[in-house]
């Protein structure tokens, strides 16, 4: 097998692992990977604004609003107007949201982060460079993407 085929197989394995994790998460928690990441961010901070989430994930506030709508419909987060600034909306996690996080499978990106951060600096730099090159080769270098391993469109909040 030549290197081109080996590289394509590796890419396919990455995509397939992401797809399988998304299915496992949907089955276990009833959420997409992107919705789950929003829930994690809210849980980490206790209470945050859509702008905080948007900045952290690198997506638009409209996308965050859609994702929070879904989480609120599932009873996993609450929205409340800020006491300090009535124009500002605060998002907080509910008991059901905390339970969902506790019972969810280990997130694929968390596994990746743990292993990536254990690498030497030079290995991290080499991987980042290679991944950026692959994104460029696929014409995806300028695509807006959050640091969430998910095969779906981030704007699609279902």
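The values are calculated or read from the model by the stated rules, or taken from the named source; none is laboratory data. All of these numbers come straight from a predicted model, not from anything done at the bench. So basically every Cβ, Gly included, is an ideal-geometry build from the backbone, and we count neighbours across all protein chains shown.
What to note about this one:
- Counting only residues that are at pLDDT 85 or above and not in a strand (DSSP E or B), the range 75-111 holds 11 of them.
- Residues being buried (at least 17 other Cβ atoms within 10 Å of the Cβ), over 15 Å from residue 76 (Cα atoms) and within 14 Å of the chain's Cα centre (by Cα) - total across the range 26-61: 5
- Residue match in the range 11-34 (condition: in contact with a strand residue (DSSP E or B) (Cβ under 8 Å, 6 or more places away or on another chain) and either more than 30 Å from residue 137 (Cα to Cα) or modelled with pLDDT under 90 (or both)): no
Residue by residue, here is whether (1) crowded, with 19+ Cβ neighbours inside 10 Å; (2) within 27 Å of residue 143 (Cβ to Cβ) holds:
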{"position": "71", "(1), (2)": "yes, yes"}
{"position": "74", "(1), (2)": "no, no"}
{"position": "84", "(1), (2)": "no, no"}
{"position": "104", "(1), (2)": "no, yes"}
{"position": "116", "(1), (2)": "no, yes"}
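- Matching entry among 127, 131 (being surrounded by 12 or more Cβ atoms within 10 Å (Cβ to Cβ) and either modelled with pLDDT under 90 or assigned to a helix (DSSP H, G or I) (or both)): 127
- Residues within the range 31-48 that are without any contact (Cβ under 8 Å) to a residue 24 or more places away in the chain and either in contact with a helix residue (DSSP H, G or I) (Cβ under 8 Å, 6 or more places away or on another chain) or under 25 Å from residue 19 (Cα atoms) (or both), tallied: 2
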